[in-house]
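All remarks here apply to the structure that follows.
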């Protein structure tokens, strides 16, 4: 369990049930997890703490995932250089293509992910 402990994850998801479920899965997987409900809250969190990976929902209130991704990628001195994985409910979402063009490290369809897959997917981003 301890192997993932130093990896800090920020989970940005506006839907409370999904946010709690994903956070629990990741904590049980041994990760250090913080959560935010939208891009605005995520930026507040990231300005105080550096993260290794941001799991970023595309559709959130106040500031969406695409705007937040642009902010992260354009300010490495402020936010560091975390891996950013976009979360979407929609296969073939054009926002995913836009996110990949903007430098996202990957994406995940929320409907397709079970707990084991989530932990395995996050670990995959850290394998050198």
task = Those residues that are touching a helix residue (DSSP H, G or I) at 6+ places or on another chain (Cβ under 9 Å) and not in a loop (DSSP other than H, G, I, E, B), I need them from the stretch 117-128; list them, please.
result = 118, 119, 122, 123
query = Tell me, which residue of the stretch 50-71 that is farther than 21 Å from residue 121 by Cα and in contact with a strand residue (DSSP E or B) (Cβ under 7 Å, 6 or more places away or on another chain) is surrounded by the most Cβ atoms within 10 Å (Cβ to Cβ)?
reply = 68
task = Starting from the stretch 101-123, take each residue that is in contact (Cβ under 8 Å) with a residue 12 or more places away in the chain and list its partners that are assigned to a loop (DSSP other than H, G, I, E, B), counting only C-beta distances under 6 angstrom and pairs at least six apart or across chains.
result = 109/91; 110/89; 119/29
inquiry  = So residue 31 passes all but one of these: (1) under 15 Å from residue 65 (Cβ atoms); (2) buried (at least 19 other Cβ atoms within 10 Å of the Cβ). Which condition number does it fail?
reply    = (1)
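Laboratory data are not the source of any read-out in this text; all were calculated from the coordinates shown. Note that the structure is predicted; figures quoted are calculated from it, not measured. We place every Cβ from the backbone using ideal geometry, glycine too, and count neighbours over all the protein chains shown.
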